[in-house]
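Notes follow once the structure below has been shown.
Nothing in this text is a laboratory measurement; each read-out follows from the coordinates by a stated rule. Here the structure is a predicted model, which means the values were calculated and not measured. Neighbour counts run over all protein chains shown; Cβ positions are idealised from the backbone, glycine included.
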Amino acid sequence: MKKDIVKIGVIGCGAIANQYHMPALKSLPDCEVVAVCDWIPERAKAAADYFGLPQNRAFTEDEALLALDEIQGVLILTPNYNHCEVTELAASWKSMSLSPNLWDAHWTNAAA
Ligand SMILES: NC(=O)c1ccc[n+]([C@@H]2O[C@H](COP(=O)([O-])OP(=O)(O)OC[C@H]3O[C@@H](n4cnc5c(N)ncnc54)[C@H](O)[C@@H]3O)[C@@H](O)[C@H]2O)c1
């Protein structure tokens with residue numbers, strides 16, 4: 001049976017994203033990064049290159065990434081001071097729930 005592929009957006013493409021989260025996302029068979037966002041355009045562009053995405057999937061505004069219909073989940077990898085703000089934005093835009101990891105996200109979505 002073919003598993004569903006979860007379409008993911010990455011918000012914040014800085015140090016920890018590049019060092020840990022982006023390689024981990026690339027290695028997962030059941031998710032696909034379809035868009036990236038960073039306030040610093042060069043970081044967004046580099047992340048899009050890393051995932052083999054076209055440059056029109058490299059955003060500098062969170063709302064533009066969240067506006068994509070296909071986005072099903074986001075990884076918020078911004079600094080601590082704006083985690084809440086970005087999480088609130090994603091939740092209000094997409095009715096997303098907050099999950100600390102992929103397993104919790106699956107269970108939470110299944111229950112919704
Ligand atoms: N650096 C570490 O060793 C480390 C270790 C563990 C956890 N963390 C956590 O990882 C998170 C990120 O840390 P980092 O070191 O990668 O920081 P960083 O400053 O290198 O990267 C954060 C990136 O987010 C971007 N950004 C900020 N707000 C944004 C927004 N609203 N939309 C789009 N882009 C936005 C910034 O431009 C920057 O490129 C923090 O919560 C930190 O606590 C970091």
Problem - Filter result (over 15 Å from the mean Cα position of the chain (by Cα), within 9 Å of the ligand (Cβ to nearest atom) and not hydrophobic (A, V, I, L, M, F, W, C)) within the range 20-53 - result: none
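Tell me which residues, restricted to the range 66-100, are touching a residue at least 60 places away in the same chain (Cβ under 8 Å) and not polar (S, T, N, Q). So that I can check it myself, show each step before the final result.
Filtering the range 66-100 down to residues touching a residue at least 60 places away in the same chain (Cβ under 8 Å) leaves 70-79, 86, 90.
Matches in the range 66-100: 70, 71, 73, 74, 75, 76, 77, 79, 86, 90.
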Exercise for the section: Just name the residue that is surrounded by the fewest Cβ atoms within 10 Å (Cβ to Cβ) out of those in the range 59-104 that are within 14 Å of the ligand (Cβ to nearest atom) and of a type in the set (Phe, Trp, Tyr). Expected result: 81
